[in-house]
1. I want the local charge near Gly137. Using Cβ-Cβ distances under 12 Å, sum +1 for each Lys or Arg and -1 for each Asp or Glu among the other residues.
2. Scan (1) 10.7; (2) 9.9; (3) 12.7 for the value of mean projected area of the Cα convex hull in nm² calculated from this model and give just the label.
3. Using the Karplus curve 6.51 cos²θ - 1.76 cosθ + 1.60 with θ = phi - 60°, what ³J(HN,Hα) values do you get for each residue of the range 141-154, in whole Hz, with x for Gly and Pro?
4. For Ile83, enumerate residues with amide H under 5 Å from its amide H, sequence gap 5+ or separate chain, H modeled in the peptide plane.
5. Counting alpha carbon pairs within less than 8 Å and at least 6 residues apart, what relative contact order, in whole percent, applies to the range 88-166?
6. For Gly118, what is the net charge nearby, where nearby means another residue's Cβ is under 13 Å from its Cβ and Lys, Arg count +1, Asp, Glu -1?
7. Looking only at GluC sites (Glu not before Pro) in DSSP loops with at most 16 other Cβ atoms within 10 Å, what is the longest site-free stretch of the chain?
8. Around His128, which amide H atoms from residues at least 5 apart in sequence, or from another chain, sit under 5 Å from its own amide H, with H modelled in the peptide plane?
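Nothing in this text is a laboratory measurement; each read-out follows from the coordinates by a stated rule. Quantities reported herein were computed from a predicted structural model and do not represent experimental measurements. Cβ placement follows ideal geometry from the backbone for every residue including glycine, while neighbour counts extend to all protein chains displayed.
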Amino acid sequence: MQAEQRIEAANGHLGGYIVGGDIHSWCAPVWDWLRGTYSPRSLLDVGCGEGHSTRFFHDHGLRVLGIDGMPEAIRDSRVPGKIMLHDFCSGPYRTTERFDLLWSCEFLEHIDEEVLPGVLETFRLADHLAITHALPGQPGYHHVNCRDNAYWIDLFEGCGFRCDVGKTVA
């Protein structure tokens, strides 16, 4: 078995980058479910890494934009020109575009609490959010914000989103 090659951010606030993608964030059955349930025409992929999920949605006909903070991820993009470099420590990602769906997989646990307002403002660019996150105690590089589901639901509902518990997996 080949060892995982991880590139860690020098500034310490990002989750790092796994060359070739993180096999634990490959969620094609979930992505198919999202497409079937929400029929999105556009997707914003926050913390997308090389853009494997971004490419999946692109290959299924969606207008896509990925955002990641690691220059190496942009360099190794699976959808060149569709992933933008952005450091949330500098504030929210700004664009005039709107998106039907936002996908963010295993990103939030890497974000320091004081940076969350800019992330949440960016999430407002989408009509629907689909998010996964690490739970308290879950190991990983720079896991600084591992919270339970109730924390994230309260946070997002406080920003005007509504959690559809029937479609939420705990």
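1. On the way: positive: Arg147; negative: Glu109, Asp148.
Counting the neighbours of Gly137, the net charge comes to -1.
2. Evaluating mean projected area of the Cα convex hull in nm² on these atoms matches (2).
3. After applying 6.51 cos²θ - 1.76 cosθ + 1.60, I find 5, 6, 7, 9, 9, 7, 10, 7, 4, 4, 4, 5, 4, 4 Hz.
4. HN-HN under 5 Å from Ile83: Gly66.
5. Numbers: 95 pairs, mean separation 25.5, N = 79.
The normalised contact order for the range 88-166 reaches 32 percent.
6. Working: positive: Arg94, Arg124; negative: Asp87, Asp112, Glu113, Glu114, Glu121.
Net charge around Gly118: -3.
7. Numbers: sites that count: Glu4, Glu8, Glu97.
Between exposed loop sites, the widest span is 9-96.
8. Answer set, sorted by chain and number: Leu101, Leu102.
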